[in-house]
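The values are calculated or read from the model by the stated rules, or taken from the named source; none is laboratory data. The structure presented is a predicted model; accordingly, all values stated were derived computationally and were not measured. Here Cβ is always computed from backbone atoms with ideal geometry, including for glycine, and neighbour counts include all displayed protein chains. Note: accessible area is taken over every heavy atom of the protein model, side chains too, but ligands, DNA and RNA are not part of it. Shrake-Rupley method; radii C 1.70, N 1.55, O 1.52, S 1.80 Å.
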Amino acid sequence: MNDLNLNYYALIMAGGSGRRFWPESTKDHPKQYLNLAGEKTLLEDTLLRFEGLVESKRRFIVTVKEQESLAKKFSISKDLIGEKNLILEPLARNTAPCIFLSLVEIIRSGASPKDLLVIVPSDHVILNSDAFKSDIKRALQIAHDHSSIVTIGIKPTFPHTGYGYIKSSNSKSNSNRSYKVEEFKEKPNFEVAKDYISKGYFWNAGMFVASVGTLMREFETHAPEIYRFYNSSSSSSFCSKKVSEEYQNMPSISVDCAILEKSKCVDLIAATFDWSDLGSWETLSDVCKDRDVKNGNYLVSNNQRFFVDDKSKDNIVRVNKERLVVLLGVKDLIVVDDGKSLVIMDKKSTQEIKGVVEHLEKCEWGKEYI
């Protein structure tokens, strides 16, 4: 047990496709199963972050059927979650159905309404695990004391247009430990993002904490079309055709839109840990400080065979095969070679990689590369 004398659970959402990290991230081997920031995969790092806080038998992963073997390989086979703690969506939906499906399964496993649940993505990078655990403990205490949903806000470092933002009250509550959330904001344009930062908004990292009972109450109140799945599933196996049909009929909606934006009981704490969602290739240099660096070049390969001249600066190179990599007089490039595809792009073009994947999906010959 812990300080609150309650069981702590963790739910890791691991069904994403990670298209912006193609060609490394593919349909058969998505981003969360890659070792982009160290020796272990992003999923393993996420699970290990809960060591000493949430027992492995109370850690759950939710993903899609197509990723079942990969999820098992990097979790159950390494004793990072319980043998029965892999939850498979009948089909891919948005985060609200995904989380509610997982809630129902966690209740079926024995969780009580008062037990506390931490929900996080599987593919974010946090290097300071001690600070992460400290912040999660704070959030758990506040969620318990307030019967609220506690989201963890990231203090922005620049006006990012790829994140949602959170507007919170100016005054802290609960002995200066948290803010009340006033509004969730969708991804803005650059000018709006600058305005948000000037007003003290936080980045929305998609991490939150609440008791099982609080989450069920908020789903019942604000998303009854999803909550009714609870009654349908209570007497059926998740593998049954009936439950699969019920799940398919759920609205495909994010948890933000389904309950968080409507709820009156959402608190926020400001993260004290470092954070990156690894949203694109150029962010890799932010989390690979231990890799070989020369003139700002981040070089990652199996054999570490490079020749880089003094004029080459601020490049990112990642190759998985036994290749010699030579950089001569180039700047701000990203070079990725996975053995099947060679990608060379300017750092400013990394967001366009999704367009390449979409093009390959339409080509008869392209599907073997994605």
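Structural remarks
- Considering only 35, 85, 344, the residue lying farthest towards the positive end of the dipole of the chain is 85, judged by Cα position with unit charges set on Cβ.
- Taking amide H positions as modeled 1.01 Å from N, with prolines and chain starts lacking one, the residues under 5 Å from residue 267 and 5 or more places away or on another chain are 149, 150, 151, 181.
- Between residue 55 and residue 5, the contour length at 0.36 nm per residue exceeds the Cα-Cα span by 16.6 nm.
- For the range 305-370 versus the range 70-140, the gap between their alpha-carbon centres in whole angstrom: 33 Å
- For the range 68-218, the fraction of alpha-carbon pairs lying more than 27 Å apart is 31 percent, rounded to a whole number.
- Förster radius 45 Å - calculated FRET efficiency between residue 35 and residue 264 (Cβ-Cβ, nearest 0.05): 0.60
- Charge dipole (Cα centre; +1 on Lys/Arg Cβ, -1 on Asp/Glu Cβ; no other charges) of the range 318-367 amounts to roughly 120 debye.
- Sum of -39500 (n - 2.57) over DSSP H runs of 4+, divided by residues of the chain (222 nm, nearest 500): -7500 deg cm²/dmol
- 18 Å Cα-Cα reach of residue 262 towards aspartates and glutamates, excluding residues that sit fewer than 8 places from it in its own chain: 182, 183, 186, 218, 220, 225
- Under 5 Å, built H, 5+ apart or other chain: amide partners of residue 297: 314, 315
- Helix axis angle, 353-362 relative to the chain longest principal axis, alpha carbon, degrees: 90 degrees
- Note: relative contact order over the chain, using C-alpha pairs below 8 Å and six or more positions apart, is 18 percent.
- Largest mean-square fluctuation among 211, 169, 178, in a Gaussian network model of the chain whose springs join Cα atoms under 10 Å apart, belongs to 169.
- Whole-percent carbon and sulfur share, accessible surface of the chain, 1.4 Å: 46 percent
- Solvent exposure, largest accessible area first (probe 1.4 Å, DNA, RNA and ligands not counted), of 257, 363: 257, 363
- The phi torsions of the range 178-191, fed into the Karplus equation with coefficients 6.51, -1.76 and 1.60 and a -60° offset, translate into couplings of 7, 10, 8, 7, 9, 6, 9, 10, 6, 4, x, 7, 4, 5 Hz, rounded to whole numbers, with Gly and Pro shown as x.
- A 1.4 Å probe run over the chain, with the rest of the protein chains in place, finds 47 Å² accessible per residue.
- Accessible-area ranking of 95, 272, largest first, probe 1.4 Å: 272, 95
- Looking at the range 268-370, the trypsin sites (Lys or Arg not before Pro) that sit in a DSSP loop and have at most 16 other Cβ atoms within 10 Å of their own Cβ are 289, 305, 311, 321, 323, 340.
- Using alpha-carbon coordinates, inclination of helix 224-233 to the longest axis of the chain, degrees: 80 degrees
- Compared with the dominant Cα axis of the chain, that is its longest principal axis, helix 95-108 is turned about 50°.
- At full extension, residue 244 and residue 364 could sit 40.1 nm farther apart than now, given 0.36 nm per residue minus the alpha carbon distance.
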